[in-house]
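No value in this document is a laboratory result; all are computed from the given coordinates. Here the structure is a predicted model, which means the values were calculated and not measured. Neighbour counts are summed over all protein chains in view; Cβ atoms, including those assigned to glycine, are modelled from backbone coordinates with ideal geometry.
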Amino acid sequence: MAGMIESTIKTSPLGRWYIELVDTMKEDEEPIVCLDVFEYADKVEEMGNEYDGAVEVIWSSDDNVTPEQINEVRMQMNAYEAEQEAKKSGEANMPDGTPNFDGTPNFGS
């Protein structure tokens, strides 16, 4: 059975965006607050594990979220996805041009 995760972009009283996650398949599920796209990706993956990775993400935003905040989330998500794709495909450089190091030194054979 596929899961459904509701992702809502919200803004704090200080004007900083965050993403609130709710697993809509569970009753009385407490929302999870994610302050950046890395935390968001980790939480969605964690929640998706309960459904063997078969999840549908439903996006929305609160009325007080600005178009600039939505665009910032979108751009950070795109950059994150491009980075993950570069890591998977073993590309030498990340999309921003930085070297793609896996953290393991290779001192030759």
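Say R0 is 22 Å: what FRET efficiency, to the nearest 0.05, do Ser12 and Val57 get from their beta-carbon distance?
Details: r = 22 Å, r/R0 = 0.99.
The value I calculate is 0.50.
Measuring r between the beta carbons of Leu35 and Met1 and using R0 = 35 Å, the FRET efficiency lands at 0.70.
Size descriptors for region 3-65, from the alpha-carbon set: Rg then Dmax equal 11.7, 37 Å. Beta-bridge orientation, region 3-65: approximately 60 percent antiparallel, per DSSP, counting only bridges with both partners inside.
Taken along the Cα-to-beta-carbon direction at a fixed 7 Å, the label points for Asn49 and Glu85 span 2.6 nm.
Calculated FRET efficiency, Gln76 and Glu27, Cβ-Cβ r, R0 30 Å, to nearest 0.05?
On the way: r = 31 Å, r/R0 = 1.05.
Computed FRET efficiency for Gln76 and Glu27: 0.45.
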